[in-house]
Amino acid sequence: MKHNPLIPMGGKIINIITESSDVKTFQIKPEKPLNQIPGQCAMISLLGIGEALFSITSPPGCDYLEFSIKRVGKLTEALHQLDAGAEVGIRGPYGNGFPVEDLKGKNLLFIGGGIGLAPLRSLVQYALDHREEYPNKFQLVYGARSVDDLIFERDIFESWPKEKEFEMNLSVDVENPNWKGFVGFVPQYLEELRPDPKETMAIICGPPIMIKFTLQTLEKLGFDPKQIITTLEYKMKCGIGKCGRCNLDEHYVCKDGPVFYLSELKKIKNDFC
Ligand SMILES: Cc1cc2nc3c(=O)[nH]c(=O)nc-3n(C[C@H](O)[C@H](O)[C@H](O)COP(=O)(O)OP(=O)(O)OC[C@H]3O[C@@H](n4cnc5c(N)ncnc54)[C@H](O)[C@@H]3O)c2cc1C
Ligand code: FES
């Protein structure tokens with residue numbers, strides 16, 4: 001029987017990976033599978049402390065879920081204090097996830113900013129796991145504030161660059177003597193890289209300011225709004241259509257999204273276009 005997504009179940013932390021000074025990836029084995037698709041999220045809770053939404057960073061099919069969590073407040077601070085073996089509450093999955101069917105056979109341009117790489121990672125890994133359906137070029141443009149803030153180092157420096165037809169473009173906002181890559185913001189880097197829109201789908205996740213300027217830049221580079229997908233997950237609160245805090249016009253981001261095509265967003269009053 002399908003698990004009721006409103007009722008938390010138990011989850012055991014089986015491993016913790018330190019990604020940066022304030023981000024850790026938690027591998028959590030839930031009591032039952034969530035059967036999520038790439039781009040969905042889940043509520044993680046600690047008794048007596050709180051509950052919050054986090055993107056599922058791992059692709060479907062693993063027998064554990066990965067969450068990459070930035071330490072910003074009460075709950076995330078408490079999660080960062082835990083060791084492997086600790087128990088958390090978990091419920092979900094929530095949100096519509098990425099339209100994996102529409103991406104088949106296209107060149108895929110993944111654009112991530114900061115912790116926004118977390119939901120994109122599940123999609124990148126999912127597409128790599130199904131390369132026969134996604135045989136074309138992959139390009140990842142990922143920006144972080146500083147070299148120390150780059151997350152998923154084992155993916156971005158080791159495993160993904162070894163993949164066939166996988167172009168990796170990394171940027172940081174501030175200069176560092178050890179950094180030979182691009183310095184600046186993601187939209188500027190895109191203008192320099194000038195990715196070819198032909199047969200390409202662009203998928204964006206990052207802070208709102210990055211999303212806004214990246215959408216404008218992609219259109220300037222010739223991408224049609226039907227070729228641009230973004231996730232507005234930062235607007236979600238309850239995630240299940242109850243709190244009314246995620247609305248864009250008559251739409252609830254948590255029910256109709258958080259993943260939208262730019263062509264859909266253009267028909268809705270919003271802060272981006
Ligand atoms: C759909 C969705 C997906 C998400 N995915 C991820 C993810 O994959 N990884 C991730 O790390 N985060 C993710 N988030 C964000 C995450 O849910 C929040 O970071 C989380 O709610 C923080 O909870 P907290 O109790 O630790 O922070 P809180 O204590 O609730 O603090 C939240 C914010 O308030 C600020 N704050 C706290 N106390 C004060 C104070 N006294 N004065 C001023 N400011 C203060 C903090 O700096 C922080 O920015 C996601 C959010 C959504 C909606
Ligand atoms: S997040 Fe609560 S109604 Fe959408």
Quiz prompt | Added length on full extension, which subtracts the Cα-Cα distance from 0.36 nm per residue, Glu87 to Gln216 | solution = 42.1 nm
Quiz item: With r defined as the distance between the Cβ atoms of Lys106 and Lys12 and R0 fixed at 35 Å, what FRET efficiency is calculated, to the nearest 0.05?
Solution: 0.40
Exercise. Sticking to Cα atoms, compute the Rg of the chain to one decimal and its Dmax as the biggest Cα-Cα distance, whole number, in Å.
Key: 18.0, 55
Practice problem: Quick one: what are the phi-derived ³J(HN,Hα) couplings along segment 102-112, Karplus 6.51/-1.76/1.60 with θ = phi - 60°, whole Hz, x for glycine and proline? | Solution: 5, 8, 4, x, 9, 6, 10, 10, 8, 10, x
Quiz item: Using the Karplus equation 6.51 cos²θ - 1.76 cosθ + 1.60 (θ = phi - 60°), what ³J(HN,Hα) coupling, rounded to whole Hz, does each residue of segment 48-57 give in order, writing x for Gly and Pro?
Solution: x, 10, x, 8, 8, 7, 9, 5, 7, 8
Self-check item: Charged-residue dipole, Cβ positions (Lys, Arg, Asp, Glu), the chain about Cα centre, Debye nearest 20
Solution: 660
Quiz item: How long is the gain from Lys266 to Asp173 if the chain were fully straight, where each residue apart is worth 0.36 nm and the alpha carbon distance is subtracted?
Solution: 30.6 nm
Quiz item: Roughly how many whole Å is it from the C-alpha centroid of segment 176-233 to that of segment 94-129?
Solution: 14
Quiz item: For the chain, with the dipole built from +1 on Lys and Arg beta-carbon atoms and -1 on Asp and Glu ones, taken about the Cα centre, which of Asn136, Cys62, Ser159 lies farthest toward the positive end?
Solution: Cys62
Self-check item: segment 1-152 shape via C-alpha gyration tensor axes, a/c threshold 1.5
Solution: oblate
Quiz item: Modelled label-to-label distance, Asp129 and Glu158, 7 Å Cα→beta-carbon offset: nm?
Solution: 1.9
Self-check item: Gyration tensor (alpha-carbon) shape descriptor, segment 107-265, a/c threshold 1.5
Solution: prolate
Quiz item: Can you give the direction-averaged projected area of the convex hull of the alpha-carbon atoms in segment 9-94, in nm²?
Solution: 4.9
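Coordinate-derived values only; no laboratory data. Keep in mind that what you see is a predicted model, and the values were worked out from it rather than measured. Ideal geometry is used to build each Cβ from the backbone, glycine not excepted, and the neighbour counts take in all protein chains shown.
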